[in-house]
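The values are calculated or read from the model by the stated rules, or taken from the named source; none is laboratory data. Treat the numbers as computed from the prediction; the structure is a model and nothing was measured. Ideal geometry is used to build each Cβ from the backbone, glycine not excepted, and the neighbour counts take in all protein chains shown.
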Amino acid sequence: MNRLQGKKILVGVSGGIAIYKTLTLLSLLNKQGAQTRVVMTEGACQFVTPLTFQTMSKNKVYKDLFSEEDHFIPHIDLTRWADVFLIAPATANILAKMARGISDDLLSSTALAAHCPVLVSPAMNVVMYRNPATQENIQILRDRGIGIIEPDSGLLACDEKGEGRMPEAEDLARVLEDFFAPKDLVGTKILVTGGPTREMIDPVRFISNRSSGKQGIAIAREAARRGGEVTFVHGPLQAPVPKGVEDVPVTSTEDLYLALKDRFDGAQALIMAAAPADMTPVHYLDQKMKKEGKSGSFSLEFKETTDVLKTLGGQKKDQVLVGFAAETQSVEDYAKKKLKEKNLDFIVANDVSAQGAGFAGDTNIVTIFTKKDREDLPLQSKEEVAREILDRVVGLLQEREAGK
Ligand SMILES: Cc1cc2nc3c(=O)[nH]c(=O)nc-3n(C[C@H](O)[C@H](O)[C@H](O)COP(=O)(O)O)c2cc1C
């Protein structure tokens, strides 16, 4: 199930130009089943009408400290209702008021009276942002336990370049998903791999496979969300590396093996979602191969690469080891064989030729095999598959801890 489903999210909006992104955010939150209520400042109402926010949040918008009829004491009631209070955009002004405890309108009073955790997304011109007054206010709020969402850097609405840009709505939604994730991997070192590897033929050519790395990325992100110390070892990816993970890019299967070999002993779990090439050219050509001198056809000789999972499976002590089997036929047979041969705790198998499953897309259909049973999961997003996998990894880690 979606992590934001049924969550009560109070969204505070102050008068910054990034306000338009908050409308998209509300739409995303509502699509994910969250309940949203919006508090606007007078400044915010100069940019976008309350009617627009009301329509996007599907709820009445609150802006008057003294005349909200359906709430006895609006600034208290609203945060009692909320699971989390996000202020986005947070102007330099609201940050200053929060830092000093000023409560002269509904938003600042609600922030001061907050019963629930508060997150702020500072958004402003770079000079305003770098101003020591703003920096000091942000630090005061951070020290008080308020979550600060770092602004992005880039071209700002004022045509200046620098920090101060509010993250995109999708990124803010991710911050909320992070917030609601269980913190059951705190103190756990997790190795995650993702993406294909490349085996170089000559300086410009290589053999590889269609893996996009999206499933590995989703697992690394989810493990970090849950508080794990995540190292993400990956080949060339078709999506960005998630924030908050140690990033270890590699090229070949041998690079992947070497990166994991040194780290495996110190990890509590390895989730091997990468698709390493299992063959590599016998000879690497120092210069680009030319077709001249070849009589229309030619062959390349390949040798097997190190079987990374099998090698590490042989060295396993009490780590949880998870493999993937991406197949186009006889999925169950191959998966069970791999589970045994590679000494895995469980294997996540999928038929990559099935619609909605496999490499490039955002969804997957997987079956999880353990030594004892099989579980067929429905078509899900790769994020949901990542959650299913980590739920099981956490369960196994807890069992091991209890058995010590
Ligand atoms: C066109 C325009 C854009 C503005 N954008 C920002 C902004 O992005 N961030 C900010 O801190 N202030 C911005 N301001 C200034 C705030 O609107 C102003 O400080 C206001 O008093 C904030 O009030 P509030 O925090 O109660 O909403 C902008 C002002 C104007 C006129």
What pairs come up if the first residue lies in segment 1-12 and is within 23 Å of ILE389 (Cα to Cα) and without any contact (Cβ under 8 Å) to a residue 12 or more places away in the chain, the second is of a type outside the set (Lys, Arg) and not in a loop (DSSP other than H, G, I, E, B), and their beta carbons are under 9 Å apart, counting only those six or more places apart or on different chains?
MET1/GLU384
Restricted to segment 83-105, and to residues that are surrounded by fewer than 24 Cβ atoms within 10 Å (Cβ to Cβ) and hydrophobic (A, V, I, L, M, F, W, C), which residue is farthest from ASP159 (Cα to Cα)?
VAL84
Determine, yes or no, whether LYS183 is over 30 Å from TYR20 (Cβ atoms) and away from the ligand (no atom under 16 Å from the Cβ).
yes
For segment 14-25, which positions are over 19 Å from ALA111 (Cβ atoms) and either among the β-branched types (Val, Ile, Thr) or buried (at least 24 other Cβ atoms within 10 Å of the Cβ) (or both)?
ILE17, THR24
Strands (runs of 3 or more DSSP E) fully within segment 22-125 counting 1 or more residues that are over 27 Å from ASP143 (Cα atoms) and more than 10 Å from the ligand (Cβ to nearest atom):
35-40
Return the total of residues in segment 172-201 being in a helix (DSSP H, G or I) and either closer than 20 Å to GLU246 by Cβ or among the hydrophobic types (A, V, I, L, M, F, W, C) (or both).
8
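Condition first: under 13 Å from GLN215 (Cα atoms) and assigned to a loop (DSSP other than H, G, I, E, B). Now tell me which residues in segment 325-355 satisfy that.
Matches in segment 325-355: VAL352 only.
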Per-region count, segment 9-21, residues assigned to a helix (DSSP H, G or I) and of a type in the set (Ser, Thr, Tyr):
1
Which of (1) touching a residue at least 12 places away in the same chain (Cβ under 8 Å); (2) of a type in the set (A, V, I, L, M); (3) over 27 Å from LEU258 (Cα atoms); (4) surrounded by fewer than 15 Cβ atoms within 10 Å (Cβ to Cβ) does ILE368 not meet, given it meets every other one?
(4)
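Which of the strands (runs of 3 or more DSSP E) found entirely inside segment 210-303 contain at least 2 residues meeting this: within 14 Å of the chain's Cα centre (by Cα)?
229-234, 246-249
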Which of the following residues is modelled with pLDDT of 95 or more, of a type in the set (D, E, K, R), in contact with a helix residue (DSSP H, G or I) (Cβ under 9 Å, 6 or more places away or on another chain) and at negative phi: ASP184, ASP178?
ASP184
Is it the case that PHE302 is of a type in the set (Phe, Trp, Tyr) and farther than 30 Å from GLU170 by Cβ?
yes
